[in-house]
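Below you'll find the structure, written out as structure tokens, and then a few comments.
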Amino acid sequence: MRFHSARFLCSAGESEQYPASKLPRIAFAGRSNVGKSSLINALVGSKALARTSNTPGRTQRLNFFLVDEKFYFIDLPGYGFARAPKRVRDRWGSFTEKFFQDSGQLALVLLLVDGRHSPMPIDIQMRSWLQSLAVPHRVVATKIDAISGSVRKTRLEELSEQFGSDLLPSSVKKREGMDQIWKEINRAVRGERTPPEAR
Ligand code: GDP
């Protein structure tokens, strides 16, 4: 994998705080603890660009990173944190919806789902929501190093059936799937459309 430069730009609580530049945006969405920060770090070859955490629902802001001076990675707040107060969950919804709807620069959303488990209702809802908003997206199955053999095969089949055959399996521990994910990001940054089944 070639070297990518990446730096943290800002953490935005409101759309007025987004960077003004019109560069393409690649957003990372997923349940808290699904492995978003780890994937962002792995993609750019950094150990600590995005902060990883075991505290679900801690971050309620959008974190912008400038990659190769050409586009943004955006770490969206994790969803599905059952223990968070309703007020926090409601805010997540309105905040993120605005981001998806307003963002003409949104080239791609990588929706991360936990590859160790069968499809979860909240992820299915999230995917339907992206489809209804016509947001270009691909689904990434994370942590697949943690399963092997027939379990892995069954899990990936189930997830593909639910989320589309173009599901992207990934593991930051084994560095699996990084090239494929980069291919999708580059394609999106160039303005090429994602395959029909992913929309
Ligand atoms: P986030 O809340 O979505 O940003 O999730 P993090 O990136 O903080 O990861 C949550 C937990 O999952 C951490 O303990 C990570 O070490 C672990 N994790 C992330 N990616 C992988 C992976 O590919 N394989 C395995 N086995 N664990 C992972």
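At 1.4 Å probe size, with every protein chain present, just tell me what the per residue accessible area of segment 6-198 comes to in Å². Please report the intermediate quantities before stating the final value.
Values: 9260 Å² over 193 residues.
Spelled out: the 1.4 Å probe surface of segment 6-198, per residue, equals 48 Å².
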Top of GLY80, GLY35, GLY149 by mean-square fluctuation, Gaussian network on the chain, Cα under 10 Å: GLY149
Cα lying deepest toward the dipole's positive end in the chain, options PRO19, GLN162, HIS137, charges on Cβ: PRO19
Total lysine pairs whose alpha carbons fall under 20 Å of each other in segment 6-198 (8 or more apart, or interchain): 20
Inter-label distance for ALA146 and LYS86, nm, one decimal - labels placed 7 Å from Cα along Cα-to-Cβ: 3.1
Top of VAL139, VAL113, VAL44 by mean-square fluctuation, Gaussian network on the chain, Cα under 10 Å: VAL44
Accessible surface of segment 6-198 [probe 1.4 Å, protein heavy atoms]: carbon and sulfur percent: 49
Percent RCO, i.e. relative contact order, over segment 6-198, from Cα pairs under 8 Å lying at least 6 residues apart: 22
Cβ crowding within 10 Å averaged over residues, with 22-32, 117-127 ranked highest first: 22-32, 117-127
ILE122 versus LYS98: modelled label distance in nm, points set 7 Å from Cα along the beta carbon direction: 2.2
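For the chain, give the magnitude of the charge dipole about the Cα centre (Cβ charges: +1 Lys/Arg, -1 Asp/Glu; no others), in debye to the nearest 20.
Numbers: 32 positive and 20 negative charges, 108 e Å.
Once rounded to the nearest 20, the dipole reads 520 debye.
The values are calculated or read from the model by the stated rules, or taken from the named source; none is laboratory data. If you're wondering where the values come from, they're calculated on a predicted model, not measured in any experiment. Cβ: placed from backbone, ideal geometry, glycine included. Neighbour counts: every protein chain shown. Note: accessible area is taken over every heavy atom of the protein model, side chains too, but ligands, DNA and RNA are not part of it. Shrake-Rupley method; radii C 1.70, N 1.55, O 1.52, S 1.80 Å.
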